[in-house]
Amino acid sequence: QYLELYKNNIQGTIPSELGNLKNLISLDLYNNNLTGIVPTSLGKLKSLVFLRLNDNRLTGPIPRALTAIPSLKVVDVSSNDLCGTIPTNGPFAHIPLQNFENNPRLEGPELLGLASYDTNCT
């Protein structure tokens, strides 16, 4: 239920297989050296409450699949190199904007239907 691997200087990408851990409540991978994208498969974690990926070197957009996790209360992706816009629907309506800070290519919050969400991702 809890995968706590923060502050371990872990390198590489986040395995998409983590999306198969269906009972996961907390995924804490912050303060490592992770690169690559946030896997869309994390959207399958329907019991997830805490997702902390801050202080890594992650790139790409915030997967919209995460907005379909009703239990999600805490999302922190600050201090990465994410791009696109910040989601505003689902649980993201209540996530403070400081949890997205220090991503120079991240814009937002998105205006639903008015802008593409993958801006600055090329």
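The values are calculated or read from the model by the stated rules, or taken from the named source; none is laboratory data. As the structure is a computational prediction, the values presented were derived from the model and not from experiment. Cβ atoms come from the backbone with ideal geometry, glycine included; neighbour counts cover every protein chain shown. The area values use the complete protein model at the heavy-atom level, side chains included, leaving out ligands, DNA and RNA. Shrake-Rupley method; radii C 1.70, N 1.55, O 1.52, S 1.80 Å.
Rolling a 1.4 Å probe over the protein heavy atoms leaves ARG57 with an accessible area of roughly 130 Å².
Report the relative contact order of region 23-122, percent, no decimals, based on alpha-carbon pairs under 8 angstrom and at least 6 residues apart.
Here the relative contact order equals 24 percent.
If you take the beta carbon distance between LEU97 and GLN1 as r and set R0 to 22 Å, what does 1/(1 + (r/R0)^6) give as a FRET efficiency, to the nearest 0.05? Computed FRET efficiency for LEU97 and GLN1: 0.20.
By the scheme Lys and Arg +1, Asp and Glu -1, what is the net charge of all other residues having a beta-carbon under 12 Å from that of LEU72?
Net local charge, LEU72 excluded: +2.
If one computes P(r) from the Cα atoms of region 2-107, what percent of pairs lie at distances over 24 Å? It works out to 11 percent of all Cα pairs.
Using the per-residue mean of other Cβ atoms lying within 10 Å as a proxy for protection, in what order, highest first, do the peptides 89-100, 28-39, 4-15 fall?
Result, highest mean first: 28-39, 89-100, 4-15.
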